[in-house]
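Have a look at the structure below, then the notes.
The values are calculated or read from the model by the stated rules, or taken from the named source; none is laboratory data. Computed from a predicted structure; not experimentally measured. Don't worry about glycine lacking a Cβ; one is built from the backbone with ideal geometry, like all the others, and counts go over all protein chains shown.
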Amino acid sequence: WIDVEPAGQGEVRIRIRDDGIGIRPEDLPKVFEPFFTTKKRGEGTGLGMSICQRIIENHGGRIELTSEAGKGTEVIMTLPVRLNRTSAQGSAAEGITVGKD
């Protein structure tokens, strides 16, 4: 499932959770390392999570990952909210809505 919620002053939190096989505890600390993969040769580059982390951090956010083998994984991304400007005077756009469906 995917959930979006306010995460404190000026931040939004996006949670993505699955009920897959999870990540082994010994692999969890390595997930954000470039080229780390548990897949067979030719099935993945091991760059996906490393690239995600860099993009999120470059936007002033952070990413966390929790997992339990056999039960699934949750990725939590926290990003700053940025209001769009609507005119040359610089008034902020109104009505940013964050909530659950």
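Could you grab me the full set of residues in the range 48-76 that are in a loop (DSSP other than H, G, I, E, B) and crowded, with 18+ Cβ neighbours inside 10 Å?
From the range 48-76, those in a loop (DSSP other than H, G, I, E, B) are 59-61, 69-71; that's our starting set.
Within the range 48-76, Gly61 is the sole residue that qualifies.
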> Do we find a residue being within 22 Å of Asp3 (Cα to Cα) and at pLDDT 95 or above anywhere in the range 82-93?
Replying inline: no
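Got a number for residues in the range 1-39 being in a strand (DSSP E or B) and more than 21 Å from Arg54 (Cβ to Cβ)?
Of the range 1-39, the ones in a strand (DSSP E or B) are 2-6, 11-17.
Checking the rest, the ones that are also more than 21 Å from Arg54 (Cβ to Cβ) come to 2-6, 17.
Number satisfying all stated conditions: 6.
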> Can you name every residue in the range 8-23 that is at negative phi, without any contact (Cβ under 8 Å) to a residue 60 or more places away in the chain, surrounded by 12 or more Cβ atoms within 10 Å (Cβ to Cβ) and over 11 Å from the mean Cα position of the chain (by Cα)?
Replying inline: Asp18, Ile21, Ile23
